[in-house]
Amino acid sequence: EDQVTQSPEALRLQEGESSSLNCSYTVSGLRGLFWYRQDPGKGPEFLFTLYSAGEEKEKERLKATLTKKESFLHITAPKPEDSATYLCAAGSNYQLIWGAGTKLIIKP
Amino acid sequence: DGGITQSPKYLFRKEGQNVTLSCEQNLNHDAMYWYRQDPGQGLRLIYYSQIVNDFQKGDIAEGYSVSREKKESFPLTVTSAQKNPTAFYLCASSIVRSDQPQHFGDGTRLSIL
């Protein structure tokens, strides 16, 4: 059964304290691994797509990486405005399989 | 600016009542989707459509109905048969390829009176 698991459920960091969020997936025929950011009361905002193991993409303080079993979202020197829930999803057979998200809180 | 518009932002349903959530997109995407989001859970697919006048059930279609009469519009009706409708509903659209990202509206929060 296709499945996506994110960890941890919640992560509290001090401003400037770097860390990583994990997205483990079991999907037959992965068509893409997607990362989104979601603010409270808003829809998910697309961040990255990764297609093959070893691929990396960066945007400001965020870097996403992909292996054959998991993806990591690395956040470097985060700021309070990076606080949000980060969702990952695996593309398979014209559908996305979603993880439950990691709630990231950055304290000033 | 291109995007997806969901309305209303908040909606209240009485017992036994059907309610309809609106979703309009001007991204010229063929595929549209409806998801339900509950606290602590991943997004769950209700219905999706890859072309006008055609749609398929997702994982949790019971108690919901949709129509796709226009490319730009994909309304969702929450019927009285849906016994636990309180949730955050998200509409998305994309190019019809599973390697392309979906783009989302800002959601409708449905509550029971």
Label-point separation, B:Ile60 to B:Ser22 (7 Å along Cα→Cβ), nm = 2.5
Rg and Dmax [Cα atoms of chain B; Å; Rg one decimal, Dmax integer] | 13.2, 40
When Cβ neighbours within 10 Å are restricted to other protein chains, what is their mean count per residue of peptide A:96-108?
-> 3
Restricting to the protein assembly as shown, what percent of DSSP beta bridges are antiparallel, rounded to 5?
-> 90
Using only Cα atoms, locate the centre of segment A:39-108 and the centre of segment B:9-65, then give the distance between them in Å, rounded to an integer.
-> 24
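Test of the criteria: in segment B:57-112, which trypsin sites (Lys or Arg not before Pro) are in a DSSP loop and have at most 10 other Cβ atoms within 10 angstrom of their Cβ?
Working: sites: B:Lys57, B:Arg68, B:Lys70, B:Lys71, B:Lys83, B:Arg97, B:Arg109; in loops: B:Arg68, B:Lys71, B:Lys83, B:Arg97.
For trypsin sites (Lys or Arg not before Pro) across segment B:57-112 that sit outside H, G, I, E and B with at most 10 neighbouring Cβ atoms in 10 Å, the list reads B:Lys83.
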For chain A, which longest stretch is free of loop sites, where a loop site is one of the GluC sites (Glu not before Pro) that DSSP puts outside H, G, I, E and B and that has at most 11 other Cβ atoms within 10 Å?
-> A:10-59
Determine, from the Cβ-Cβ distance of A:Glu81 and B:Ile112 and an R0 of 25 Å, the FRET efficiency 1/(1 + (r/R0)^6), rounded to the nearest 0.05.
-> 0.15
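What's the extension gain from B:Val96 to B:Asp38 if we count 0.36 nm per residue and subtract their Cα-Cα distance?
Working: separation 58, 0.36 × 58 = 20.88 nm, distance 2.61 nm.
Length gained, B:Val96 through B:Asp38: 18.3 nm.
For segment B:50-81, run through the GluC sites (Glu not before Pro) and keep only the ones in DSSP coil with at most 13 other Cβ atoms within 10 Å of their Cβ. Can you show the working numbers first?
Working: sites: B:Glu62, B:Glu69, B:Glu72; in loops: B:Glu62, B:Glu69, B:Glu72.
Passing both the DSSP loop test and the Cβ count: B:Glu62, B:Glu69.
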At q = 0.17 Å⁻¹, base-10 log of I(q)/I(0) for the protein assembly as shown (Debye sum, equal scatterers on each alpha carbon) = -1.20
Note the full-extension length gain between A:Ser28 and A:Asn93 as 0.36 nm times their separation in residues minus their Cα-Cα distance, in nm to one decimal.
-> 22.5 nm
Among B:Leu90, B:Leu43, B:Leu76, residue whose mean-square fluctuation peaks in a GNM of chain B (springs only between Cα atoms under 10 Å) | B:Leu43
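None of the figures in this text is laboratory data; all of them are computed from the coordinates on show. Because the structure is predicted, anything quoted here is derived from the model rather than measured. Every residue, glycine as well, gets a Cβ built from its backbone with ideal geometry; the counts of neighbours run over all protein chains shown.
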